[in-house]
1. Can you name the residue in the range A:253-265 that is touching a residue at least 40 places away in the same chain (Cβ under 8 Å) and more than 9 Å from every other protein chain (Cβ to nearest Cβ) and, of all such residues, is surrounded by the fewest Cβ atoms within 10 Å (Cβ to Cβ)?
2. What about A:K145, is it free of Cβ contacts under 8 Å to residues at least 24 places away in the same chain and part of a helix (DSSP H, G or I)?
3. Across the range A:163-174, what is the total count of residues that are closer than 15 Å to A:V141 by Cα, in contact with a strand residue (DSSP E or B) (Cβ under 9 Å, 6 or more places away or on another chain) and not in a loop (DSSP other than H, G, I, E, B)?
4. Is it true that some residue in the range B:299-314 is farther than 23 Å from B:Q60 by Cα, in a loop (DSSP other than H, G, I, E, B), within 14 Å of chain A (Cβ to nearest Cβ) and in contact (Cβ under 8 Å) with a residue 24 or more places away in the chain?
5. Can you tell me which of (1) within 23 Å of B:R307 (Cα to Cα); (2) of a type outside the set (S, T, Y); (3) more than 10 Å from chain A (Cβ to nearest Cβ); (4) touching a residue at least 60 places away in the same chain (Cβ under 8 Å) is the one B:M217 doesn't meet?
6. Of everything in the range B:286-297, what is of a type in the set (D, E, K, R) and surrounded by fewer than 17 Cβ atoms within 10 Å (Cβ to Cβ)? Give them in sequence order.
7. If I filter the range B:267-274 for residues that are touching a residue at least 24 places away in the same chain (Cβ under 8 Å) and in a helix (DSSP H, G or I), do I get at least one hit?
Amino acid sequence: MSILDWFAKKNSESTVKASKLDIPGNLWIKCISCGDVLYSKDFEQNQKVCPKCSHHFRLTSKERLDITVDKGSFKEINQDLEPFDSLNFCDIKPYKERIVAAKKKTGMNDAIITGEAKINGSKVAIAIMDFGYMGGSMGSVVGEKITRLIELATKKGLPAIIMSSSGGARMQEGMNSLMQMAKTSAALYRHKTKKLLFISVMLDPTTGGTTASFAMLGDLNITEPKALIGFAGPRVIEQTIKQKLPKNFQRSEYLQEHGMIDHIVTRHEMKNFIGNIVEMTNFYKLEKK
Amino acid sequence: MAPKNYLDFEKPIIQLYEKIEELKELSNADNLDMTSDIENLKNKAEKLKQKIYENLEPIQVVKLSRHPERPITSDYIANVFEDFVELHGDRVFADDHAMIGGFAKFEGKPVMIIGQQRGKTTKEKIYRNFAMPQPEGYRKALRLMRLAEKFDIPIVTLIDTQGAYPGLGSEERGVAEAIAMNLREMMGITVPIISIVIGEGGSGGALGIAIGNTVAMLNYSIYSVISPEGCAAILWRDAGMAPTAAHNLGIVSAKLKELGIVDAIIEEPLEGAHTNHKKVFTKFRSFLKKELTKYEKYSDEKLLEQRYNRFRALGKIKEA
């Protein structure tokens with residue numbers, strides 16, 4: 001072993017030790033952005049935003065729902081829809097096993113929850129994606145649930161709120177998943193022609209076929225600070241153009257500068273921001289009635 | 001005669017043809033009668049060809065779909081349509097050379113034709129950005145579709161791209177937004193839209209102009225959520241697994257017809273469209289004529305309803 005190897009070994013050993021805090025019960029959490037050690041109760045109470053550097057950690061769809069809609073107002077629909085492996089897809093693991101594992105991990109039937117709810121007293125149709133379930137990928141169930149939700153909103157004259165966090169189309173469902181891009185966008189066409197509001201909230205991360213369909217079609221496209229939003233992944237782009245990408249590329253702030261995002265909203269402000277827009281866009285509609 | 005651009009799986013056939021040529025030369029030179037041997041070999045070659053082409057692996061179809069001599073959008077425009085007037089630009093930023101479009105006549109009637117354009121020579125390929133459109137391409141396409149709609153002119157879209165361009169400017173100018181906008185707005189275009197995959201139908205970049213009342217594909221074209229190479233790199237972490245990925249993804253015409261993703265398959269010569277352009281154009285022409293005639297009688301409402309329902313039905317779920 002050369003001396004350089006020895007140094008390299010020493011180095012890697014020490015980083016492993018530093019990133020793991022050997023304290024039982026997950027009492028403490030280390031911020032992945034600033035490295036500060038946070039007391040988990042404070043962290044949870046702060047909606048999983050680092051009090052020091054205000055890094056917004058990812059939330060599950062359940063956590064997101066709790067901080068977005070009025071307490072007790074959510075009525076879930078289509079919760080029984082489950083994925084179907086129509087291609088008998090098998091990469092290093094069969095898709096069927098992935099479905100079972102994802103359900104066990106998240107307790108969900110697929111990567112999204114949909115339903116009717118109220119935000120600051122206003123009725124909305126809301127969908128929240130969960131990145132924890134197979135990277136929030138959009139297969140037939142996600143597409144169908146979004147489409148049914150938008151159709152319901154169109155029928156009932158409700159604003160639609162979709163909070164995305166998704167790696168894109170679910171490869172394991174092949175072309176059926178690509179077609180969900182067309183299906184969800186089609187439903188939004190009908191929703192739009194009824195002059196109804198659609199707010200798309202793109203959360204960290206929103207990429208691929210999700211961005212290239214319903215997520216970019218909001219009357220308002222909003223996001224949290226520093227969320228990754230793009231079509232192609234940064235690595236693919238770097239390999240294609242063979243240059244280093246600019247700092248902050250595909251982050252919320254970068255997209256806002258390039259005109260793709262209406263507003264960057266912090267997690268604490270999100271509920272009121274949405275509630276306020278819904279109220280304003282409803283104002284003359286309600287007056288007409 | 002052996003074609004110069006043959007594919008790896010065609011090698012056994014090529015070898016037989018080479019042998020036949022050898023025999024012919026030999027018989028000429030030595031004045032021997034080898035007619036029966038030559039006939040035998042010819043039969044054998046035909047049978048082998050039949051066998052190989054009837055049992056193509058999906059990855060072999062991928063190769064056919066990308067064949068350098070396969071007819072491209074401009075070939076269809078030149079051979080199936082007349083009086084093409086190209087219209088350039090998205091009126092916002094640029095003219096995307098990877099996407100072409102304009103008015104043309106088909107069987108004496110005007111149509112709007114739009115498609116991704118590959119190049120043939122290296123210089124052309126670079127000029128066409130290897131048929132990978134940027135946001136401008138999708139915005140130009142939508143502009144032309146709206147122009148067609150204004151004058152009740154039906155729209156034909158030809159799909160042949162490995163995908164939208166994954167570049168810096170492409171992202172900055174909102175390629176995802178441009179594709180998404182097409183998916184939504186094409187749902188409201190009140191003229192018939194016929195979309196035909198002629199080569200490679202790569203992901204969202206293909207779908208962005210493929211919201212047709214009828215979606216068809218040529219027999220050896222492919223239509224995929226992600227390229228087999230990309231899928232292999234992500235799921236297997238090994239681009240060498242592309243053949244397996246191609247098999248799993250279900251990207252060939254017969255499978256997609258079965259799933260209802262495409263409505264019809266346009267036949268090709270046994271050995272692929274590149275071996276007989278003329279035959280392909282004839283099939284293409286009669287297919288397009290039939291489809292356009294079918295939608296002539298549709299009202300605006302019926303057209304939109306049909307297009308919505310076509311895409312609304314797609315996807316497979318389990319419902320308790």
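1. A:H263
2. No.
3. Result for the range A:163-174: 6.
4. Looking for residues that are farther than 23 Å from B:Q60 by Cα, in a loop (DSSP other than H, G, I, E, B), within 14 Å of chain A (Cβ to nearest Cβ) and in contact (Cβ under 8 Å) with a residue 24 or more places away in the chain, one finds at least one in the range B:299-314, hence yes.
5. (4)
6. Those that are of a type in the set (D, E, K, R) and surrounded by fewer than 17 Cβ atoms within 10 Å (Cβ to Cβ): B:K289, B:K290, B:K294, B:E296, B:K297.
7. yes
So that you can scan it fast, the table gives a plain yes or no per residue for (1) surrounded by fewer than 23 Cβ atoms within 10 Å (Cβ to Cβ); (2) assigned by TED's automatic domain parsing to the domain that holds B:G137; (3) in contact with a helix residue (DSSP H, G or I) (Cβ under 9 Å, 6 or more places away or on another chain); (4) closer than 22 Å to B:A164 by Cβ:
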| position | (1), (2), (3), (4) |
| --- | --- |
| B:T190 | yes, yes, yes, no |
| B:A206 | no, yes, yes, yes |
| B:Y220 | no, yes, yes, no |
| B:P228 | no, yes, yes, yes |
| B:A232 | no, yes, yes, yes |
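The values are calculated or read from the model by the stated rules, or taken from the named source; none is laboratory data. Quantities reported herein were computed from a predicted structural model and do not represent experimental measurements. Ideal geometry is used to build each Cβ from the backbone, glycine not excepted, and the neighbour counts take in all protein chains shown.
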